[in-house]
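What follows is a set of notes on a single structure, which appears directly below.
The values are calculated or read from the model by the stated rules, or taken from the named source; none is laboratory data. In this text, all values refer to a predicted model and were calculated from it rather than measured experimentally. For neighbour counting, all protein chains shown are included, and Cβ atoms are generated from backbone atoms with ideal geometry for every residue, glycine included.
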Amino acid sequence: MVTIPEYYEGKNVLITGATGFMGKVLLEKLLRSCPGVKAAYVLVRPKAGQAPDARIADMINCK
């Protein structure tokens, strides 16, 4: 049986909703538990007058 880190080894991952509560938890867990992930792409839309890049910056800075 293949472990989760082995499964994601060398793969690209797309996460939608990464700035929401579950998305943040999923992204953090994936990056911490699966160091072999090739790339993690996050799909973020503008919301409440805030640009996607600003929302990502807020998420990274835990605002």
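A few points about this structure:
- Selection of the range 20-46 for residues being in contact with a strand residue (DSSP E or B) (Cβ under 9 Å, 6 or more places away or on another chain) and under 11 Å from residue 5 (Cβ atoms) yields 30, 34, 37.
- Residue match in the range 45-54 (condition: in contact with a helix residue (DSSP H, G or I) (Cβ under 9 Å, 6 or more places away or on another chain), modelled with pLDDT of 90 or more and of a type in the set (A, V, I, L, M)): no
- Of the helices (runs of 4 or more DSSP H) lying entirely inside the chain, those carrying at least 2 residues that are surrounded by 16 or more Cβ atoms within 10 Å (Cβ to Cβ) are 21-33, 52-60.
- Residues in the range 48-59 that are under 14 Å from the mean Cα position of the chain (by Cα) and more than 12 Å from residue 20 (Cα to Cα): 52, 53, 57.
- Residue pairs whose Cβ atoms lie under 6 Å apart, separated by 6 or more positions or on different chains, with the first residue in the range 1-12 and modelled with pLDDT of 95 or more and the second charged (D, E, K, R), are 10/38; 11/38; 12/38.
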